[in-house]
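Have a look at the structure below, then the notes.
The values are calculated or read from the model by the stated rules, or taken from the named source; none is laboratory data. These numbers were taken from a predicted model, which means no experiment stands behind them. A quick note on method: Cβ atoms are made from the backbone with ideal geometry, for glycine too, and the neighbour counts reach across all protein chains shown.
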Amino acid sequence: MGKASAAWGGKGATPGRRAVVVGGGLALLGGAIALGEGLSGSPAPRRRAPGDLDYADARWVAASEANYRIADRPADYPVELVVVHVTQADYATTVRLFEDPRHEAASHYVVRQSGQVTQMIRELDVAFHAGNRWYNEHSVGIEHEGFVTRPRDFTDAMYAASARLTADVCHRYGIPVDRRHIIGHAEVPGTDHTDPGRHWDWPRYLGLVRAAREAAGSKKA
Ligand SMILES: [Zn+2]
């Protein structure tokens with residue numbers, strides 16, 4: 001095992017498998033090819049197991065399949081935007097609506113006033129949240145529990161949790177953190193929705209997203 005295990009010594013669980021392949025000769029050729037593919041650096045296979053999350057700090061509750069379209073983003077549609085919504089309902093009602101196949105709409109995420117984040121649709125898929133086909137195809141939709149007329153609904157915990165989520169989305173897809181790419185539902189062409197409304201503090205939100213984005217970037221650099 002000498003050479004191989006020395007070369008891979010610092011990388012945790014890998015050295016044993018690698019060393020066996022290197023030392024095992026022809027009998028293990030098939031295994032070597034399979035292992036080589038696994039180590040080639042190609043993207044991890046996209047998983048669709050129930051409960052899978054795109055954002056580690058979320059919990060999963062599945063939306064009805066009638067409220068989104070199965071896709072393979074960002075391979076088929078680049079993800080370029082985050083769309084900020086306000087639910088105009090409490091959290092339980094929002095989840096019930098997104099689970100209801102007759103609702104014909106749902107967002108990828110719901111952020112509660114407590115700061116809890118729930119993912120209901122995979123980012124791979126096109127959620128029906130913006131009321132505009134192109135915007136749905138190219139965005140991640142984030143709902144915030146509350147009413148546009150009640151500024152007290154937009155809690156510190158909600159802003160902070162949502163900003164971390166948006167920063168993570170921006171980081172993963174290379175979306176610039178600015179108001180051209182992080183927009184309100186009201187700014188989507190053709191919509192008659194007004195959310196998140198005039199009480200949503202955009203400068204504060206963008207500042208929080210930027211701070212979280214920089215923190216995530218420096219961790220992964
Ligand atoms: Zn909306």
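The set of residues in segment 156-206 that are out of contact with any Lys or Arg (no Cβ under 8 Å at 6 or more places or on another chain), part of a loop (DSSP other than H, G, I, E, B) and of a type in the set (A, V, I, L, M, F, W, C) comprises Ile175, Val188, Trp200.
Condition check ((1) more than 12 Å from the chain's Cα centre (by Cα); (2) at pLDDT 95 or above; (3) under 17 Å from Asp195 (Cβ atoms)) across all residues:
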{"position": "Pro74", "(1), (2), (3)": "no, yes, no"}
{"position": "Val82", "(1), (2), (3)": "no, yes, yes"}
{"position": "His108", "(1), (2), (3)": "no, yes, yes"}
{"position": "Gln113", "(1), (2), (3)": "yes, yes, yes"}
{"position": "Arg122", "(1), (2), (3)": "no, yes, no"}
{"position": "Asp125", "(1), (2), (3)": "no, yes, no"}
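The residue that is farthest from the ligand (Cβ to nearest atom), among those in segment 117-158 that are over 22 Å from Val79 (Cα atoms) and among the hydroxyl-bearing types (Ser, Thr, Tyr), is Thr155. In the set (1) in a loop (DSSP other than H, G, I, E, B); (2) surrounded by 14 or more Cβ atoms within 10 Å (Cβ to Cβ); (3) away from the ligand (no atom under 16 Å from the Cβ), the condition left unmet by Ala56 is number (2). When you check Ala89 against the structure, is it touching a helix residue (DSSP H, G or I) at 6+ places or on another chain (Cβ under 9 Å), of a type in the set (A, V, I, L, M, F, W, C), assigned by TED's automatic domain parsing to the domain that holds Arg172 and buried (at least 17 other Cβ atoms within 10 Å of the Cβ), yes or no? Answer is no for this residue.
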